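The values are calculated or read from the model by the stated rules, or taken from the named source; none is laboratory data. Keep in mind it's a predicted model, so treat the numbers as computed, not measured. In this analysis, Cβ positions are derived from the backbone assuming ideal geometry, glycine residues included, and neighbour counts consider all displayed protein chains. With ligands, DNA and RNA removed, areas are computed over all heavy atoms of the protein, side chains included. Shrake-Rupley method; radii C 1.70, N 1.55, O 1.52, S 1.80 Å.
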Amino acid sequence: MSAYRDKDPRIHGIQSKIRVVPNFPKPGIMFQDITTLLLDPKAFKDTVDLFVERYKGKNISVVAGIEARGFIFGPPIALEIGAKFVPLRKPKKLPGKVISEEYELEYGRDCLEMHVGAVEPGERALVVDDLIATGGTLCAAMNLLERVGAEVVECACVIELPDLKGRERLNGKPLYVLVESH
Amino acid sequence: MFAGDQNGLQGDPRLKAISEAIRVVPHFPKPGIMFQDITTLLLDHKAFKDTVDIFVDRYRDMAISVVAGVEARGFMFGPSIALAIGAKFVPLRKPRKLPGEVISEAYVLEYGTDCLEMHVGAVQPGERALVIDDLVATGGTLSAAIRLLERVGAEVVECACVVGLREVKGHHRLNGKPLYILVEPRQQTNCSAPSGIISSL
């Protein structure tokens, strides 16, 4: 589902603040840079508010954010909806005992980790990242949460690149995004 | 300065709860280091909210227009503070993460050097800035952050950390800038950690 399609009046302002940087990190990629959104306090607040309005009162007890840009959006949402925040990190960053989930990159593999004990069985969880592309990272994040018995209620991203069909990799889990970029 | 030294926050029970919510992980990332793990603080909604609220109460009337957060744990605290005080949030990142034109500042590690980057144009001359990170240890990273902001003409009002020693390298200030810290590092692992968290001992 996309707020873009719902045409909330705040969406246009949010979309206009996202900067596209051509050929980063490599030729041919049009990088969606959310740092310019963070420079506009009203647009940044609107972004968080749109997610909070959707998830408040839905009994979500966990917001899991994907390193590192998921750490920017996840905690403000968690604080507003009364949930805990759980960082999902690259290997060897978390100091305690972790569980790991491998996922595929274009070339090679990477890994996402979560602290053991951070999430309890039966908890209702949200996964947050700035952007969904192929869906590989989000899929790994969902797997981590489901492996400890949590229920992933939805994945939430500011931006979707629909042409990469990441939505289809989410094992039927719903995806909510604010803007699409083609 | 410590939050608990100040009028109004002396004996504030929120500070005790924040301190107790931080898990100590011995020998991470290497033997001898008692790592102050703030991820357990983030699991305690009230303590996490109190952490942000204490910073917001301090900074909301200081005309701060920039909150600069140091990657990655500074990202967990900075944005909420920025949103509450109406400031912009500027991520300070490891090399090659920011996509646009950047300025870089090198700093010294125990072995070798590292580098912190900020987007050109993110901060304007004359802006009043706060630097935020979860913890201050040697002060190397925070010093680099201060230099980045000053190089673009901003005024660093203060550096704020959840955890830190009373003195960094024997000083209460960093590059002449005041440090504001909520709690001191604990040396003991916490036996009363929230249930479900496995001690690493």
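Spatially, the stretch B:162-190 and the stretch A:20-75 are offset by 31 Å when compared through their Cα centroids. Sequence-distant contacts, meaning Cα pairs under 8 Å at least 6 residues apart, place the relative contact order of the stretch B:63-183 at 24 percent.
What the phi angles of the stretch B:129-144 give under the Karplus curve with 6.51, -1.76 and 1.60, with θ = phi - 60°, is a coupling list of 10, 10, 10, 10, 8, 6, 8, 10, 10, 7, x, x, 5, 5, 4, 5 Hz, glycine and proline written as x. For chain A, averaging the sequence separation of C-alpha pairs within contact (under 8 Å, six or more residues apart) and dividing by the residue count gives a relative contact order of 20 percent.
Among the residues of A:67-76, the average count of other protein chain beta-carbon atoms within 10 Å of the residue beta-carbon is 6. Close amide H pairs (under 5 Å, H built 1.01 Å from N) link residue A:65 with A:86, A:88, A:128, residues at least 5 positions away or on another chain. Derived scalar couplings between HN and Hα for the stretch A:47-57 equal 4, 5, 4, 4, 5, 4, 4, 6, 9, 5, x Hz in order, rounded to whole Hz, by the Karplus curve 6.51 cos²θ - 1.76 cosθ + 1.60 (θ = phi - 60°), x for Gly and Pro. Backbone amide hydrogens, once placed in the peptide plane, bring residue A:29 within less than 5 Å of A:23, A:24, excluding anything fewer than 5 places away on its chain.
The amide H of residue A:124, built 1.01 Å from its N in the peptide plane, has A:61, A:62, A:151 as neighbours under 5 Å, considering only residues 5 or more places off or on other chains. A simple packing score, the average count of other Cβ atoms within 10 Å per residue, orders the peptides A:27-38, A:83-94 as A:83-94, A:27-38, with the highest score first. For the stretch B:19-26, backbone phi angles converted through the Karplus equation (6.51, -1.76, 1.60; θ = phi - 60°) give residue-by-residue couplings of 4, 6, 7, 8, 8, 9, 10, x Hz, Gly and Pro being listed as x. How large a share of the accessible area of chain A, in percent, is made up of carbon and sulfur atoms when the probe is 1.4 Å and the other protein chains stay in place? The value for chain A is 52 percent carbon and sulfur by accessible area. On a 27 Å Cα-Cα criterion, which of the cross-link pairs A:165/B:97; A:97/A:165; A:42/B:49; A:42/B:97; A:7/A:42 come out too long? The pairs that break the limit, which is 27 Å between Cα atoms, are A:97/A:165. Accessible surface computed residue by residue for chain B, with neighbouring protein chains in place and a 1.4 Å probe, gives 42 Å² per residue. With 20 Å² as the minimum drop in accessible area between chain alone and full protein complex (1.4 Å probe), the qualifying residues in the stretch B:38-75 are B:39, B:42, B:43, B:45, B:48, B:72, B:73, B:75.
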